[in-house]
């Protein structure tokens, strides 16, 4: 080892400091991207926000794309991997759905500004990042679709178009990023738990379904549910015509 090389002890001290500075740079860059847009933010802007020179910044980060890639990975690729893991579990569909919604809704509440930034920057993403971003979104949709399909086939979820249902569930989770108030009375975990229960209620099979009823993905079951809806509609119309 060269006399100029750091000792293992020195290296272990430098590593946490480097990680701390990199995290600060990432936070500053994310804020600037949100305020000025990705294209409108330069490395010099980020260096100024950090109180360092641009050459010093290069020690920690190569370019803006590196920072944006980290943001996209955090907001889209990591949830996509988690979605696949949950969808692959050996568990019933309601448990998987609750776990998945809890995960996605919780992330949107905790990182609302970052999610909004990624959505607003979609048209500005470099080609490789745009491809990865779209692929990650498809993986999330596939995971939700697989869980919904499992629930329909098992009779635990009502028979509805799988893709449409999955998109509705994803939209419900993503919308949290636009309305959640970090200074409000609820924590991200509390909101995520409530969203998980609402998601299940949205797709759950009717509570009056008897154990010996046909599977809801069978035509006979679909007709039975349709008759239930028609009977209810007829009762409403009848009451209305009687003036009650």
Between residue 175 and residue 198, what length in nm is gained on full extension when 0.36 nm per residue of separation is reduced by their alpha carbon distance? 6.9 nm
I want to check the label-to-label distance for residue 27 and residue 167. Put each point 7 Å from Cα in the C-beta direction and report it in nm to one decimal. 3.9 nm
Which of the peptides 74-85, 38-49, 142-153 is most tightly packed, and how do the rest follow, going by the mean number of other Cβ atoms within 10 Å of each residue? 142-153, 74-85, 38-49
Gap in Å between the Cα centre of the stretch 78-130 and the Cα centre of the stretch 21-66? 25 Å
How do the peptides 174-187, 191-204, 94-107 rank, highest first, by the average count of neighbouring beta carbon atoms within 10 Å per residue? 94-107, 191-204, 174-187
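Taking a temperature of 37 °C and a viscosity of 0.692 mPa s, what whole-number D in µm²/s does Stokes-Einstein yield for the stretch 69-205 with Rh from Kirkwood over alpha carbon pairs? Let's see the in-between values first.
On the way: Rh = 15.1 Å.
So the translational diffusion coefficient is about 217 µm²/s.
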Would you mind calculating the gained length between residue 113 and residue 17 on full extension (0.36 nm times residue separation, minus the Cα-Cα distance), in nm to one decimal? 32.0 nm
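None of the figures in this text is laboratory data; all of them are computed from the coordinates on show. Keep in mind the model is a prediction, meaning the values are calculated, not measured. Don't worry about glycine lacking a Cβ; one is built from the backbone with ideal geometry, like all the others, and counts go over all protein chains shown.
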